[in-house]
Amino acid sequence: MDKAILVGVDLRNDGLIDYYMEELVNLTEARNIEVLYTITQSMKKITPNFYIGSGKVQEIKTFAANLDADIIIFNNELSGSQIRNLEAEIGIRVIDRTLLILDIFALRAKTKEAMLQVEIAQLLYMLPRLAGLAESLGKQQGGIGSRGPGEKIFELDRRRIESERNRLIKELEDVVKARKIQRKNRVKSNIKKIAIVGYTNAGKSTLLNALIDTTHKDLDKQVYVKDMLFATLETSTRHIVLSNHKEFIATDTVGFVSNLPHHLVESFKSTLEEITEADFLVHVVDTSNTFYEKQIEVTNETLKDIGVIDIPVIYIYNKFDLLEEEIKPLHYPSVIVSLLEQEGINKVINIIEKELFKDYEEVTLLVPFTEGDLISYFNENNHVINQDYSNEGTLITLELSLIQKAKYIKYIK
Ligand SMILES: Nc1nc2c(ncn2[C@@H]2O[C@H](COP(=O)(O)OP(=O)(O)OP(=O)(O)O)[C@@H](O)[C@H]2O)c(=O)[nH]1
Ligand SMILES: [Mg+2]
């Protein structure tokens, strides 16, 4: 296993450097690299050659030699020449947070779409850094950044990389087009859609599985859940039918982290687009993380970046079982739950149902006996509360949406 020294430069002095460094530790470990030591430095201005001051470079060099480190990982985004200069001075591999995240994504990508998205993001990252990176990657065999286009970069000049990027973008467009057609065929147009969003590892996929459990007792429909960052890179969409016949479409997608590389957001646009098409967002929060309030902010900022505006949100404060103290929700509507517990899932379903079907109303209809099909339809598709018979027809009490209410107004008692 590779061993790393992490370096963080605090330029903003906003008191959040500890948060960013903890995140960097988690990201590094997610890439199976051991963290030996963390160095932070407050600075007003970066230096063009090394990003940090030359004294700090020497300090890092000493630490790296004494601790026998293999790699230095910067929390801040470096230019190609800064990477080259740092490597020449320190003598081991230097990467930044963006390359680390791209590499984790490259490891996790399973579908054609996700693989193309990651490759495009990697190329976009590398293009402006060609001079610095070519040297750095050339020395490295099979290490970080070498997956995907990294390994080929030596043989390729800029023009060929650009044409490779364009070819990948075209290929991605075709894959996305095919997926969209499939999706259109699958989804009834008037059915409500929710998108499950949140910081990575919060429990989004766990929630989708819990919802699937309420409908399908079908293990094949379950999605991948694991205690690691970015377990999910692809979108999964499932049709959920509650026991009272109310139904909706639920989509699980990639999780967020702060400073998600711009190129990654750009190339994952087709995946993230599904979020912008939802009627409701279900924002899952890992309350067991010390920085969960910051993670909520990060998620909301990322949502804004991808163009989500004015979609109502339900907050799920998850992993309650790991808490020692009570917490106060910061948002409404919200529930505090443990998705690993049955009671927690029921609470979540209740709140989704309450918010998603706000426009549903309990009404009593008198349906003539000649319209027997309608009664069967209601029993299959609506929440029927009571059913009785009179001389004129069937008296049925049920929940109807506003649209349905308008449609069947002539039967309303
Ligand atoms: N203790 C505890 N663990 C939970 C709870 N809900 C989910 N987990 C665990 O948290 C880990 C991450 O869950 P996932 O559902 O994969 O999280 P995710 O948000 O989909 O994560 P990514 O796809 O990686 O972004 C898994 O090990 C889950 O079993 C909970 O209520 N309590
Ligand atoms: Mg997931």
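Brief remarks follow.
- Residue that is at pLDDT below 95 and in contact with an Asp or Glu (Cβ under 6 Å, 6 or more places away or on another chain), where the choices are Tyr377, Tyr360, Tyr389, Tyr332: Tyr360
- Members of the stretch 360-375 found to be assigned to a helix (DSSP H, G or I) and closer than 19 Å to Leu402 by Cβ, listed by number: Leu374
- Matching entry among Lys246, Lys269 (being over 18 Å from Ile316 (Cβ atoms) and touching a residue at least 40 places away in the same chain (Cβ under 8 Å)): Lys246
- In the stretch 342-359, the residues that are outside any helix (DSSP H, G or I) reach residues that are among the hydrophobic types (A, V, I, L, M, F, W, C) with C-beta atoms within less than 9 angstrom, at least six apart or across chains, in these pairs: Phe357/Phe248; Asp359/Leu402; Asp359/Ile403.
- Taking the listed residues Phe291, Phe268, Phe256, the one that is surrounded by 21 or more Cβ atoms within 10 Å (Cβ to Cβ), more than 11 Å from ligand 1 (Cβ to nearest atom), of a type outside the set (D, E, K, R) and farther than 30 Å from Glu399 by Cβ is Phe268, with no other qualifying.
- Members of the stretch 217-253 that are near ligand 2 (Cβ under 9 Å from one of its atoms) and either buried (at least 17 other Cβ atoms within 10 Å of the Cβ) or not charged (D, E, K, R) (or both): Val223, Tyr224, Val225, Phe230, Ala231, Thr232, Leu233, Ser236, Asp252, Thr253
- Among the residues of the stretch 185-225, those identified as over 22 Å from Ala121 (Cβ atoms), modelled with pLDDT of 85 or more and part of a loop (DSSP other than H, G, I, E, B) are Ile191, Ala202, Gly203, Gln222, Val223, Val225.
- Identity of the residue in the stretch 302-341, within 16 Å of ligand 2 (Cβ to nearest atom) and either among the polar types (S, T, N, Q) or not in a loop (DSSP other than H, G, I, E, B) (or both), that ends up surrounded by the most Cβ atoms within 10 Å (Cβ to Cβ): Asn318
- Which listed residue is over 21 Å from the mean Cα position of the chain (by Cα) and of a type in the set (A, V, I, L, M, F, W, C), from Leu303, Leu374, Leu340: Leu374
- Residues (without any contact (Cβ under 8 Å) to a residue 24 or more places away in the chain and either touching an Asp or Glu at 6+ places or on another chain (Cβ under 7 Å) or not assigned by TED's automatic domain parsing to the domain that holds Met21 (or both)) located in the stretch 84-128: Asp96
The values are calculated or read from the model by the stated rules, or taken from the named source; none is laboratory data. Just so you know, these numbers come straight off a predicted model, no measurement behind them. When we count neighbours, we look across all protein chains shown, and the Cβ atoms used for this are built from the backbone with ideal geometry, even at glycine.
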